[in-house]
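Worksheet: one structure, shown below.
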Number of protein chains: 4
Amino acid sequence: MNSCYNYVKSFENDDILPPYTWLIIRVDGRHFGMFSKSHNFRKPNEPKALALANKAAEAVFREFSDITLAYGHSDEYSFLLRADSKLYNRRREKIITGIVSIFTSAYVYNWHKYFTCTLKYPPSFDGRIVSYPLIEHVKDYFRWRQVDCHVNNQYNSAFWCLVAQGKTTDQAYQILKGTDKNFKNDLLFNTFQLNYNNLPNLFKKGSTLIRKSTNLDNKAMGSETSSTTFLDNKTIESQQEIDLKIEDYEINTLTELNANVELVTDDIINEEFWNAHFWVIDSTVKPPKLINNQ
Amino acid sequence: MNSCYNYVKSFENDDILPPYTWLIIRVDGRHFGMFSKSHNFRKPNEPKALALANKAAEAVFREFSDITLAYGHSDEYSFLLRADSKLYNRRREKIITGIVSIFTSAYVYNWHKYFTCTLKYPPSFDGRIVSYPLIEHVKDYFRWRQVDCHVNNQYNSAFWCLVAQGKTTDQAYQILKGTDKNFKNDLLFNTFQLNYNNLPNLFKKGSTLIRKSTNLDNKAMGSETSSTTFLDNKTIESQQEIDLKIEDYEINTLTELNANVELVTDDIINEEFWNAHFWVIDSTVKPPKLINNQ
Amino acid sequence: MNSCYNYVKSFENDDILPPYTWLIIRVDGRHFGMFSKSHNFRKPNEPKALALANKAAEAVFREFSDITLAYGHSDEYSFLLRADSKLYNRRREKIITGIVSIFTSAYVYNWHKYFTCTLKYPPSFDGRIVSYPLIEHVKDYFRWRQVDCHVNNQYNSAFWCLVAQGKTTDQAYQILKGTDKNFKNDLLFNTFQLNYNNLPNLFKKGSTLIRKSTNLDNKAMGSETSSTTFLDNKTIESQQEIDLKIEDYEINTLTELNANVELVTDDIINEEFWNAHFWVIDSTVKPPKLINNQ
Amino acid sequence: MNSCYNYVKSFENDDILPPYTWLIIRVDGRHFGMFSKSHNFRKPNEPKALALANKAAEAVFREFSDITLAYGHSDEYSFLLRADSKLYNRRREKIITGIVSIFTSAYVYNWHKYFTCTLKYPPSFDGRIVSYPLIEHVKDYFRWRQVDCHVNNQYNSAFWCLVAQGKTTDQAYQILKGTDKNFKNDLLFNTFQLNYNNLPNLFKKGSTLIRKSTNLDNKAMGSETSSTTFLDNKTIESQQEIDLKIEDYEINTLTELNANVELVTDDIINEEFWNAHFWVIDSTVKPPKLINNQ
């Protein structure tokens, strides 16, 4: 449909992401402090919200087969796109807006499956895409996010225990300011009879989604991964831990995902995880040698 | 929270859009041919879907005060961000993912207000952002989209009349292939007793959203624009036109928007529209002169 | 010539500058403090070096007809490329490396025409390219550089007078630190009997190169511009000013340029300059309307 | 120096190249067909021009210690910048204009050391920079250029033999059009008594510059590389080959380079070359692990 105005199209300028590099797209909740408060999310972790985010991430997996791995905690989710992916010819805007939109849409669409309370207003997310040259960078990216999950979770556990005890949020903030991990562990254990190690892995380790590759042999598929069951045998030690048991139950109920995606709550910092899932990361990044006609 | 993995952040590279240029973000439905079919959208135009898109666009207006004008038709919507906007320091990804996510979220969230049928699966959108140096380019951009609306609508009107008459979609395609606008107008009028001019403006002209500026005097606010009423006095000439009357009624019911946004279905190709709304486009693009100390 | 290694070309990614924007390329001397010292440049201004830079800039004009205006002082030179230029399809690297290379090459090639001393080692330059949406931005860019020329020149005049008087460079620096323009003017006049206003325009105003457009009528060509003669009637007041007279003579001898380029040393801050040269900046930035077939 | 015009600086937007990727900058002669003709370059290869290009490349090595490898033939030269280089914070324009300018400047500056004829006008070069994620891509890049050298050289050898024989350039073009390497080898051998294999390596393999790393042990320094001597024992078979002997002599005289750079004319397609010079490519691309405080 040509008109005299078509020239404005000449201003469009596709930003192409570098070829043969790993692409990681991170989706983040916009104003989720306010959102979680107005929807009464349990503190420090709302299992229903985490399960909903996993469900939204699953929708992204279903749409883009080049996404093989994802990791989420709190209100963020990171997706790994294979280095050899040609998705949308690696156009930055097309990839990032598609993923953010699918995640958002699935989050709103599935809300009522996880929450009984009404969604009061439409939540939204933003996203960024980063290109990494080496698989080692990719592993370190995901390690970075899991360290972040751990640090935030430990802090928030202590913070909300203090608040539950009657402290104001400002007092809780002052008590924890500048303290190290041992202080927080001791506080949780001695004051609140909460063994941090007994928290569900979903909270401590976050959620890792792995594409199940049906055209690969079973050995490669990492059937030895722990996961999908989040309930472990533990001695219940406190009211907090009774709550945890309830949460564990909820988590198990909530986390039924698509057959092609596996949800684990493993440690992804250790090399073992990456070795077990080498088929996910063993991309054919090798240059496509054609005919050697020199 | 520093860890040995924090270095991966150094790969992040914010793409900054050029300052003092007009930014237009276009949101487009992904796979909306399939989506509209599976949700039985009326052809060639589904007023409920257009009203829902307007509602979603309104949510974008509410969130970003630097957006002053928008135009949508079919499954696309274009938003104008003022040339002097400093939104997110003009970071490309932050702006585009925020807008696409809000639009998507509001679309899904408000679905049931416009449709009685259930939303079968979460729809999604992609987006692109383009920078324009001159206001003349901006006007021509929106003219380009309205010409596109008109041409598509005329084609689709003829196409779906043919299909309603019993032609297969392939036959309809062959009949219209390569024909000009006069042929289609004659076909609509002579074969289907449909006067194209009597179609609702919402279909022919698309939807234009204009920010009402409460801190500007009334004279500037273009109170003389036609708009918000879509029902005109027309002589009904065919069954198609009776349907149109119903649609007009629906449109009026559906299009109640936020007080700060005005919906019009005007011609935005003529200079009159732009003159009447000069306050929208009269950006303070002038350079911020500080102290003249030469 | 296809080989199995050709795939590496797929990593090339042309960066296209936005269409219909003004492009300004600034070339800057690399390590020119050291270079000017090792070649005994006169302080604060070496007319031979300025003339050589003008000669190098002229070579850029000769090669690229879309360059219509340039401005240089000290070891820098800025070139304006018309907003409607399609040079190298507006590929960033192609434009910037071509201009920097031509400037560098002409600088070395013409050295012996201006200097009797041998060029001890090859000097080099770097460059940057910036896109400006409005002609007002372009004017302000060149005003910015001329203000910079003036401020630097006044400072350097005072600095080198102090050094000539016997002060160390460190003492001179301390004396001038934080002083305003009046202090420096008074210092020059009272201590050194140097009237700043009597300095050659080449030093105070820098060099402006304007393309002579032979296919435009004479009226438009600004034949009323002062310029190309740098020697004004002045009362000689000091030894410094005697030197200036010599420099003026040199400047006149040195500044014979190509017939299609005019060198002026005008004030380019005032609007008068821009009005007189409107044909330089009156780019056909208007959108290329094709056929209005709506 | 602040003025009301400083705001124009806000339009500057540094393009940062991705971290931890290999950067290759290729410099290419602009209009070198014309340049080589007007300076009577010997065909198909002018040893003096190649030696001058090597000298210009050496100047780039001297300036940027992060450049470890370069390869040139004809009028092009490619420089490898280490993946972990922080040169100019990896600002694209700063790196590329600096390298192109140094190369250009040294080419003009050193002209008279290689040519007795006067340089008639200043030659210029353009450049591009490309980012490669893996060392395998880097190797393949340089292989690609050496294959190109070989193919061009074989073609040009046959072409200029035909012209020397009395053919017009158009006739020579038609004779060689679409022919394969065997045809050209046979033509050279049977018609011109020229054994392609006896051509100097400088012509067949191009020039490879390798940084000598003085702080590395000698074993690593590849002392077993052939190189720096270009004269081999060969049976002279034709007038062409007598000319070659002269050229060989010239080459040896011409190619005295800086002590820190080694010039070789090796095959860089085979893995042996890369193994021998592993210390050049064994970049510390490993992520800079700081403190593991998880």
- Note on the structure: Condition set aromatic (Phe, Trp, Tyr) and more than 8 Å from every other protein chain (Cβ to nearest Cβ), scope the range D:108-146, selection surrounded by the fewest Cβ atoms within 10 Å (Cβ to Cβ): answer is D:Phe115
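Taking into account only those residues within the range C:19-28 that are facing another protein chain (nearest Cβ under 10 Å) and buried (at least 19 other Cβ atoms within 10 Å of the Cβ), which is nearest to C:Tyr88 (Cα to Cα)? Break it down stepwise before answering.
Applying the first criterion (facing another protein chain (nearest Cβ under 10 Å)) to the range C:19-28 yields C:19-22, C:24-28.
Imposing the further condition that a residue be buried (at least 19 other Cβ atoms within 10 Å of the Cβ) reduces the set to C:19-22, C:24-27.
On the way: C:Pro19: 12, C:Tyr20: 14, C:Thr21: 15, C:Trp22: 15, C:Ile24: 15, C:Ile25: 15, C:Arg26: 18, C:Val27: 19 Å.
If we take residues in the range C:19-28 being facing another protein chain (nearest Cβ under 10 Å) and buried (at least 19 other Cβ atoms within 10 Å of the Cβ), then C:Pro19 is nearest to C:Tyr88 (Cα to Cα).
Quickly run through the range B:147-160 and pick out the residues that are of a type in the set (A, V, I, L, M) and at the interface with chain A (Cβ under 9 Å from one of its Cβ atoms). Steps first, answer last, please.
As a first pass, look at the range B:147-160 and keep what is of a type in the set (A, V, I, L, M): B:147, B:151, B:158.
Result: B:Val147, B:Val151.
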- Message: With out of contact with any Lys or Arg (no Cβ under 6 Å at 6 or more places or on another chain) and at pLDDT below 90 as the only criterion, which of B:Lys204, B:Lys167, B:Lys219 stands out?
- Response: B:Lys219
- Message: Between a residue in the range D:261-275 that is more than 16 Å from D:Glu136 (Cβ to Cβ) and any residue that is among the acidic types (Asp, Glu), which pairs come within a Cβ distance under 8 Å, given they are 6 or more apart or on different chains?
- Response: D:Val261/D:Glu58
- Item | Lone qualifier among D:Thr228, D:Thr214 - being modelled with pLDDT under 90, in contact with a strand residue (DSSP E or B) (Cβ under 9 Å, 6 or more places away or on another chain) and not in a helix (DSSP H, G or I) | D:Thr228
- Looking at A:Tyr5, A:Tyr88, which one is within 12 Å of chain B (Cβ to nearest Cβ), surrounded by fewer than 22 Cβ atoms within 10 Å (Cβ to Cβ) and among the aromatic types (Phe, Trp, Tyr)? A:Tyr88
- Item | Unique match (being in a loop (DSSP other than H, G, I, E, B), more than 10 Å from chain C (Cβ to nearest Cβ) and under 16 Å from the mean Cα position of the chain (by Cα)) among D:Asn45, D:Asn54, D:Asn40 | D:Asn45
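Would you confirm whether any residue within the range B:171-182 is over 22 Å from B:Asp75 (Cβ atoms), in a helix (DSSP H, G or I) and within 14 Å of chain C (Cβ to nearest Cβ)? Talk me through it step by step, then tell me what you get.
Of the range B:171-182, the ones over 22 Å from B:Asp75 (Cβ atoms) are B:171, B:174-175, B:177-182.
Narrowing the set further to residues that are in a helix (DSSP H, G or I) leaves B:171, B:174-175, B:181-182.
Next cut, within 14 Å of chain C (Cβ to nearest Cβ) only: B:181-182.
Yes.
Just checking, does the range B:93-101 include any residue being surrounded by fewer than 22 Cβ atoms within 10 Å (Cβ to Cβ) and either closer than 29 Å to A:Tyr7 by Cα or at pLDDT below 95 (or both)?
Within the range B:93-101, the first condition is being surrounded by fewer than 22 Cβ atoms within 10 Å (Cβ to Cβ), and the residues that meet it are B:94.
Then keep just the ones that are either closer than 29 Å to A:Tyr7 by Cα or at pLDDT below 95 (or both); that gives B:94.
Yes, the conditions are met somewhere in the range B:93-101.
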- Message: Anything in the range A:30-65 that is aromatic (Phe, Trp, Tyr) and closer than 19 Å to B:Phe125 by Cα? List them, or say none.
- Response: A:Phe61, A:Phe64
- Item | Test: residue in the range A:91-105 that is within 14 Å of chain D (Cβ to nearest Cβ) and on the phi > 0 side of the Ramachandran plot | no
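Check the range D:18-39 and report whether any residue there is modelled with pLDDT of 90 or more, farther than 23 Å from C:Gly98 by Cα and among the β-branched types (Val, Ile, Thr).
Let us first name the residues in the range D:18-39 that are modelled with pLDDT of 90 or more, namely D:18-39.
Still in the running and farther than 23 Å from C:Gly98 by Cα: D:18-22.
Filter again for among the β-branched types (Val, Ile, Thr), leaving D:21.
Yes, the range D:18-39 contains at least one residue that is modelled with pLDDT of 90 or more, farther than 23 Å from C:Gly98 by Cα and among the β-branched types (Val, Ile, Thr).
In this structure, is B:Thr97 β-branched (Val, Ile, Thr), more than 14 Å from the chain's Cα centre (by Cα) and assigned to a loop (DSSP other than H, G, I, E, B)?
Working: β-branched (Val, Ile, Thr): yes; more than 14 Å from the chain's Cα centre (by Cα): yes; assigned to a loop (DSSP other than H, G, I, E, B): no.
No; evaluated as a whole, the condition is false for this residue.
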- Task: Just need a number here: residues in the range C:255-288 that are within 14 Å of chain A (Cβ to nearest Cβ) and either surrounded by fewer than 17 Cβ atoms within 10 Å (Cβ to Cβ) or at pLDDT 70 or above (or both).
- Result: 3
- Which of the residues that make up the range D:1-30 are free of Cβ contacts under 8 Å to residues at least 40 places away in the same chain and in a loop (DSSP other than H, G, I, E, B)? D:Met1, D:Asn2, D:Ser3, D:Cys4, D:Tyr5, D:Glu12, D:Asn13
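Quickly run through the range B:57-72 and pick out the residues that are assigned to a strand (DSSP E or B) and either within 14 Å of chain A (Cβ to nearest Cβ) or not hydroxyl-bearing (Ser, Thr, Tyr) (or both). Quick ask: steps written out before the conclusion?
In the first step, residues of the range B:57-72 are kept if they are assigned to a strand (DSSP E or B); the result is B:67-72.
B:Ile67, B:Leu69, B:Ala70, B:Tyr71, B:Gly72, listed by residue number.
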- Which condition number in (1) crowded, with 21+ Cβ neighbours inside 10 Å; (2) within 19 Å of C:Ile95 (Cβ to Cβ) is the one that C:Asp15 fails? (1)
- Task: Could you please let me know if C:Thr208 is of a type in the set (Val, Ile, Thr) and crowded, with 17+ Cβ neighbours inside 10 Å?
- Result: yes
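The values are calculated or read from the model by the stated rules, or taken from the named source; none is laboratory data. Source: prediction; values computed, not measured. Neighbour counts are summed over all protein chains in view; Cβ atoms, including those assigned to glycine, are modelled from backbone coordinates with ideal geometry.
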